[in-house]
1. Scan segment 306-333 for residues that are under 18 Å from residue 167 (Cα atoms) and either buried (at least 18 other Cβ atoms within 10 Å of the Cβ) or in contact with a helix residue (DSSP H, G or I) (Cβ under 7 Å, 6 or more places away or on another chain) (or both) and jot them down.
2. Criterion first (under 30 Å from residue 287 (Cα atoms), surrounded by fewer than 19 Cβ atoms within 10 Å (Cβ to Cβ), in the same structural domain as residue 228 (by TED's automatic domain parsing) and at pLDDT 90 or above) does residue 166 satisfy it?
3. Restricting attention to segment 275-305, which residues are touching a helix residue (DSSP H, G or I) at 6+ places or on another chain (Cβ under 7 Å), free of Cβ contacts under 8 Å to residues at least 24 places away in the same chain and closer than 20 Å to residue 242 by Cα?
4. Does segment 201-224 include one or more residues that are surrounded by 18 or more Cβ atoms within 10 Å (Cβ to Cβ), at negative phi and modelled with pLDDT of 85 or more?
5. Looking at 353, 346, can you tell me which residue is over 30 Å from the mean Cα position of the chain (by Cα), on the phi > 0 side of the Ramachandran plot and not assigned by TED's automatic domain parsing to the domain that holds residue 179?
6. Which ones in segment 359-381 are touching a strand residue (DSSP E or B) at 6+ places or on another chain (Cβ under 7 Å) and part of a loop (DSSP other than H, G, I, E, B)?
């Protein structure tokens, strides 16, 4: 049973210690592409300043088992990219070049916000005159989840749940293309400055529907021993449930501060994985809610049949594990918050006319994009956020504001097309106060006008009364949700 394990002892590092990840964590350089070993063989300085096709290399970032990673400039599109080079000593291998190209093809198939995008793959002459394979990919300016382990920190339970949702969506996108990653671990999960998780390094990915499997050696074990599934350690056939196991093991480590299994050697770690169960999460991290702990425990079931059947089922379980203090807000409380914001809008319109309405829309966009709360939402302890738990950001907040007012904009567009600009201008000017002493008439018009706008807004909001996730029409359009932000009990 352990034959496949013994065959890789010469190629995998020993693992032990409180927060051991692998020998890769011993010395690292800061990069947006994950923590990898410091450059120790060929110096990277020879590459700085060189040009590969239309990419100019700027500085080294990291080095992995097969290649080095550099920050570079795509001079044709004037953007920063990351360049991954196959090591000089490996560049003559046709087999490794094909594996390298296969990584690029597999990852380039994925059009997912949670997967690092591949831009280009090429082969050219390096500074030593030898052919070199390289690929250009999205440069993620941020860190990796492995940095928590390096700093001996833990991820907060709710943050972990939201991060797991994002990784699950990325793996689901990969699975739809017939791809399993086979090396999910903290160092391969990047977080950009907006809090979005991106899965990196599909170098050992397996394309399930690919007919040519000549690059994969029969019976070979590939992956990180701290996180790989039992069936992966035994070199058995794998499906998406192997990535599910690695996802559970990764977040077990991030939540408890230690990997599920520890030992003085790789074979000891894998042996424990095959024969014993990890310490229960509530013993190591009692602050982790039971629902979330149950999800991770099921992900790490030794038998793949005991895990989730699909990523859809896993997503539903993670959504159901949302803590009680952060539940989705229903129709009536959202309508009450909107009513307060409408009163504010009415005051702005009363003072400044239609310009006041524009100012109010700007205020709503900035408030929701930066803090997730307008005054109305703040008073009712509500917060709007992306459906994956992250902040809206200004662009998504702007899209949400526009989509929430879809019917007024549609009416204005119809007036513009049917009656022309003059009719539209006349309609807008009715909101502009012509005489400051006609306050009573003005306020009456404002109340009626805002009541109409409120009804038009409610046309989209009313969906929240029936939708199973309490999401309004504009939430579905831009991928947002509104939740209670109550103090923890």
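1. Residues satisfying the conditions are 307, 308, 311, 314, 315, 317, 318, 320, 321, 322.
2. no
3. 293
4. no
5. Checking each option against the conditions leaves just 353.
6. Across segment 359-381, the qualifying residues are 372, 373, 381.
The values are calculated or read from the model by the stated rules, or taken from the named source; none is laboratory data. All values derive from a computational prediction rather than experimental measurement. Here the Cβ is made from the backbone with ideal geometry for all residues, glycine too, and neighbour counts use every protein chain on show.
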